[in-house]
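The next block holds one structure in the form of structure tokens; read it before the comments.
The values are calculated or read from the model by the stated rules, or taken from the named source; none is laboratory data. Quick caveat: nothing in here was measured; it's all calculated off a predicted structure. With ideal geometry, Cβ positions are generated from the backbone for all residues, glycine too; neighbour counts draw on all protein chains shown.
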Amino acid sequence: MDNTLYYLGFNLVNGIGPARLDRLVSAFGSLQSAWHAPAADLMLAGLDGRTVEALLKVRRTRDLQMEYSRILAAGVRPISRDDPAYPALLRELVNGPPLLYVRGTLAESDRWALAVVGTRGATTYGRDATRKLVADLVAAGVTIVSKLARQKCAANVLSTTGYHLTFASDRAN
């Protein structure tokens, strides 16, 4: 199984983020060994009982190859830390996301990027000011990055400004 599938599998487990995943790889030597580790060994590696149960449930109920195929069919490509296409600046983060879901391509010009974060209670002025600021930045060649979130404010602003990247997560946290 390709490491991307293991990254995908761990990304489906509530309670395993970048730091815990790194600890598991350190404890077991590889993603594959961590994925297949027995519950007792996972607990010795520092996972709590709830997270171990969540991992065991995902291993039992999810077919990672099928999940991967479903993602590809939606026109999305998972890019793991191991992939040369993974953004260099994200690679520098201590707890950067282990897996990105990308629709489209990542270009060299995407190195110059600005994250835009929305709020649930944005005012009309806030939306208008953000839309103007973001439009000017896009016109200057800056890539706008957003997280696919439940809030629609940032998405609405970004949809009117042209090119941007959205990094989605399969998790609520």
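Restricting attention to segment 105-133 and to residues that are within 16 Å of residue 145 (Cα to Cα) and of a type in the set (Asp, Glu), the residue that is surrounded by the fewest Cβ atoms within 10 Å (Cβ to Cβ) turns out to be 108.
In segment 75-129, of all residues being assigned to a loop (DSSP other than H, G, I, E, B), among the aliphatic types (A, V, I, L, M) and within 30 Å of residue 64 (Cβ to Cβ), the one that is farthest from the chain's Cα centre (by Cα) corresponds to 107.
If only residues of segment 15-51 that are assigned to a loop (DSSP other than H, G, I, E, B) and either more than 22 Å from residue 91 (Cα to Cα) or not small (Gly, Ala, Ser) (or both) are counted, the one that is nearest to the chain's Cα centre (by Cα) is 16.
Does residue 69 satisfy the condition of being free of Cβ contacts under 8 Å to residues at least 12 places away in the same chain, in a helix (DSSP H, G or I), under 27 Å from residue 104 (Cα atoms) and outside the structural domain of residue 101 (by TED's automatic domain parsing)? Considered against the rule, which asks whether it is free of Cβ contacts under 8 Å to residues at least 12 places away in the same chain, in a helix (DSSP H, G or I), under 27 Å from residue 104 (Cα atoms) and outside the structural domain of residue 101 (by TED's automatic domain parsing), residue 69 comes out as yes.
Whether any residue in segment 86-104 is surrounded by 14 or more Cβ atoms within 10 Å (Cβ to Cβ), at pLDDT below 80 and over 24 Å from residue 21 (Cα atoms) is what I want to check. No.
Being at pLDDT below 70, in a loop (DSSP other than H, G, I, E, B), among the hydrophobic types (A, V, I, L, M, F, W, C) and closer than 26 Å to residue 99 by Cα: is that true of residue 155 here?
The answer is no for residue 155.
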